[in-house]
Amino acid sequence: MTEISGKLTLDALKQLASDGTIDTVIAACIDMQGRLMGKRFHINFFLDSAWEETHGCNYLLATDIEMFPADGYKATSWSAGYGDYTMKPDISTLRVIPWLEGTALVLCDVLDHHDHTPVPHSPRAVLRKQIARLETMNIRAMMASELEFFLFRETYEELADGARPTPISAYNEDYHIFQTTKEESVYRALRNGLNAAAVPVENSKGEAEAGQGEINIRYADALTMADSHSIVKNAAKEIAWQRGHAATFMAKWSHERAGSSSHIHQSLWSSEGAPLFYDAGDARGMSPMMRHYLAGLLAHASEITFFLAPNVNSYKRFARGTFAPTKAVWSDDNRTAGYRVCGANTEAVRVECRVGGSDLNPYLAFAALLAAGMRGIEESLPLEDMFRGDAYSGEGREIPKTLPAATAALRDSEMLRAAFGDDVVNHYVHAAEWEQSEFERHVTDWEFRRNFERS
Ligand code: ADP
């Protein structure tokens, strides 16, 4: 088989089909949870017609993580008959997936089946809308979402009955080279596989908990980065699974362990490539635009939290002394604050949002951050004083502590309603309420262990 890698044009795919190198194309859209959802096409059928469009049930953007079609969405329902959406392959995302034999992947936009307009609550459309707003201002957003996750000794199948997973390492492996050498069968395959799939990995590293690692991808425009983020998550699971390990992107898999984050680095550039966040004349090299953007993130921090922490479990990550923040304050290179300025006094000056967990949907998270930042720019919001010291114990704006608190802030957000549209906000409010009501209905392991004998 020929060694192939990278992005593909349709012509290149045809060539690889004719010599038998590629026989399968995955066409996937992104669901509300940020997962790849779609179909595997035989190459002949893909090249014949599916490259232009295919379709999928519209419940894909109205289910919970277990694929339960909850009632109450305006966009689709049992009474509307759960019809189809059009899945339109974005050929600019077509690429080889080297860790799956003979396979290519293309990501799809989700369109209305009848009039082919974008489905407004589909995550790629939500982000595209904010990117388009920026474009009218001649601005390009560059993002990087670092991804942390845990790797376990067992397979998913061995853990399916609720057995306690064993982290792949026995100790905190933050920056450790020796411990991570022991995990190279997964991480080397992941770095090289992703690079060959046109996802430019900068590095992987051990993280600050037993079994925890991180993958960093080179920053890119917001849509490319969100696509990369989704592919990284899927790749980590597939490559770990191929080697007999389970990987989790739960924000907090155990109350005894630190959680997993997805820190989001953000900077704005002109369409011509000038760094709009940089101003050599400022003490930190922060331009007025950067200050207004950051002020917007802080002013709307509670409203956007749901998109950074979308699950009941996400809120368990916000714990003192774990490097996950509890306060929406800003600082210069201080990892206790929710919003950290990095690269001060350089052209790479940027803001890192540390609020998000590894369970976030990158399209929605980027879109919410950009909307908040844009509002700050539009209103020339002044930036409050920088936080100094340990933000866990200091005074400052709290991050909502529960999913219902974040949901209430989302519901009441005039800023997000103006940026995303009422229907989109209401759709995600409903998703959040469903998640919470499911949690409330279930008896947890903790309640069972605590009360079964002793109550
Ligand atoms: P940290 O110390 O937080 O790990 P790094 O220097 O490793 O920071 O960079 C983290 C991420 O920030 C990387 O994915 C990198 O590509 C990205 N990054 C670098 N410069 C920028 C920028 N100007 N805008 C957005 N992201 C950037």
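Key figures for this structure:
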item	result
Strands (runs of 3 or more DSSP E) completely within the stretch 203-282 that count 2 or more residues being within 16 Å of the ligand (Cβ to nearest atom)	212-217, 264-270
Only one of His265, His229, His300, His245 that is out of contact with any Phe, Trp or Tyr (no Cβ under 9 Å at 6 or more places or on another chain) and either β-branched (Val, Ile, Thr) or modelled with pLDDT of 95 or more (or both)	His300
Residues of the stretch 430-455 that turn out to be touching a residue at least 24 places away in the same chain (Cβ under 8 Å) and under 20 Å from Phe68 (Cβ atoms), as a count	9
Condition met for Arg335 (crowded, with 24+ Cβ neighbours inside 10 Å, of a type in the set (D, E, K, R) and within 16 Å of the ligand (Cβ to nearest atom))	no
When residues of the stretch 166-202 are limited to those that are over 20 Å from Phe152 (Cα atoms) and open to solvent by 80 Å² or more (accessible area, probe 1.4 Å), the one farthest from the ligand (Cβ to nearest atom)	Asn192
The lone exception for Val329 - which of (1) of a type in the set (Val, Ile, Thr); (2) in contact with a Gly (Cβ under 6 Å, 6 or more places away or on another chain); (3) within 16 Å of the ligand (Cβ to nearest atom) it fails	(3)
Tally of residues being within 16 Å of the ligand (Cβ to nearest atom), of a type in the set (A, V, I, L, M, F, W, C) and touching a Ser or Thr at 6+ places or on another chain (Cβ under 7 Å) across the stretch 140-162	3
Residue ID - nearest to Ala337 (Cα to Cα), chosen from residues in the stretch 283-296 that are in a helix (DSSP H, G or I) and within 14 Å of the ligand (Cβ to nearest atom)	Leu294
Where Gly56 falls short, out of the listed (1) open to solvent by 40 Å² or more (accessible area, probe 1.4 Å); (2) in a strand (DSSP E or B); (3) not aliphatic (A, V, I, L, M)	(1)
The stretch 59-85, residues that are open to solvent by 30 Å² or more (accessible area, probe 1.4 Å) and of a type in the set (S, T, N, Q)	Ser79
Test for Ala368: is it over 14 Å from Tyr339 (Cα atoms), within 20 Å of the chain's Cα centre (by Cα) and either among the aromatic types (Phe, Trp, Tyr) or surrounded by 21 or more Cβ atoms within 10 Å (Cβ to Cβ) (or both)	yes
Asp112 vs. criteria within 16 Å of the ligand (Cβ to nearest atom), open to solvent by less than 70 Å² (accessible area, probe 1.4 Å) and free of Cβ contacts under 8 Å to residues at least 60 places away in the same chain	no
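Yes or no, residue by residue, for (1) buried (at least 16 other Cβ atoms within 10 Å of the Cβ); (2) over 27 Å from Leu60 (Cα atoms); (3) modelled with pLDDT under 95:
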{"residue": "Ala348", "(1), (2), (3)": "yes, yes, no"}
{"residue": "Gly357", "(1), (2), (3)": "yes, no, no"}
{"residue": "Asn361", "(1), (2), (3)": "yes, no, no"}
{"residue": "Met374", "(1), (2), (3)": "yes, yes, no"}
{"residue": "Leu381", "(1), (2), (3)": "yes, yes, no"}
{"residue": "Arg388", "(1), (2), (3)": "no, yes, yes"}
{"residue": "Ser413", "(1), (2), (3)": "yes, no, no"}
{"residue": "Asn426", "(1), (2), (3)": "yes, no, no"}
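Here's the yes/no breakdown for (1) open to solvent by less than 70 Å² (accessible area, probe 1.4 Å); (2) touching a strand residue (DSSP E or B) at 6+ places or on another chain (Cβ under 6 Å); (3) part of a strand (DSSP E or B); (4) assigned by TED's automatic domain parsing to the domain that holds Asp19:
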residue: Met87; (1), (2), (3), (4): yes, yes, yes, yes
residue: Ser92; (1), (2), (3), (4): no, no, no, yes
residue: Pro98; (1), (2), (3), (4): yes, no, no, yes
residue: Glu101; (1), (2), (3), (4): no, no, no, yes
residue: Arg140; (1), (2), (3), (4): no, yes, yes, no
residue: Met143; (1), (2), (3), (4): yes, yes, yes, no
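The values are calculated or read from the model by the stated rules, or taken from the named source; none is laboratory data. Given the structure is predicted, the values throughout are model-derived calculations rather than measurements. Cβ atoms come from the backbone with ideal geometry, glycine included; neighbour counts cover every protein chain shown. Side chains included, ligands, DNA and RNA excluded: accessible areas come from the protein's heavy atoms. Shrake-Rupley method; radii C 1.70, N 1.55, O 1.52, S 1.80 Å.
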